[in-house]
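Here is the structure we will look at, set down as C-alpha cells.
The values are calculated or read from the model by the stated rules, or taken from the named source; none is laboratory data. Please read all numbers here as calculations on a predicted model, not as lab measurements. Reconstructed Cβ throughout: ideal geometry from the backbone, glycine too, with neighbour counts over all protein chains shown. Heavy atoms of the whole protein, side chains included, go into the accessibility calculation; ligands, DNA and RNA do not. Shrake-Rupley method; radii C 1.70, N 1.55, O 1.52, S 1.80 Å.
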Amino acid sequence: MGTQVTEEELRKLEKSVRQRMRRAIRVAFGNLAATAVHQGYAHEHVVRYSGFFGGAELSKMVQHMRQHQEYHVRLDTRKFLIAFYELAKEDSQ
C-alpha cells in the first residue's frame, strides 16, 4: 500500500488477528452449544459443524449450559481451520 511496516507492527498485527480468530471461534462454539441445548444434537447445524470442535468438548459444554454452570473450554484453532477449509472446499465443488 505504499507505506513501510516495521517488524514490531507486523508482530502486533499478527497477534491481534490470532486473538480475533480465537474469539470468533469461541463465539461460534458457544452458539453451536446453545443450538444443541435448545434444538438437540440432531439439529442440522449441530450435526454439520460439531466436527469443527470435537464431540467431547461440545457434550461437556452442553451439559454445563443445561446446569447453568461456567465451563472453560480449550478449543483447537488449527483443527477448526482445517475442518473449515475442508468444508469450504467440499461446498465449492
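Whenever you get a sec, line up ILE82, ILE25 from highest to lowest accessible area (probe 1.4 Å, protein heavy atoms). Intermediate results must be reported in sequence, preceding the final value.
On the way: ILE82 95, ILE25 10 Å².
Sorted descending by solvent-accessible area, the residues read ILE82, ILE25.
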### Computed P(r) (all Cα pairs; the chain; 10 Å bins; percent)
15, 38, 26, 14, 6, 1
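So which chymotrypsin sites (Phe, Trp or Tyr not before Pro) in the chain are both in a DSSP loop and have at most 15 other Cβ atoms within 10 Å of their Cβ?
Here the chymotrypsin sites (Phe, Trp or Tyr not before Pro) that fit, given the DSSP loop and packing criteria, are TYR41, TYR71.
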### Message
For the chain, what does the relative contact order come out to in percent, with C-alpha contacts under 8 Å and a separation of six or more?
### Response
24
### Query
With every protein chain present, what is the per residue accessible area of segment 1-56 (1.4 Å probe, Å²)?
78
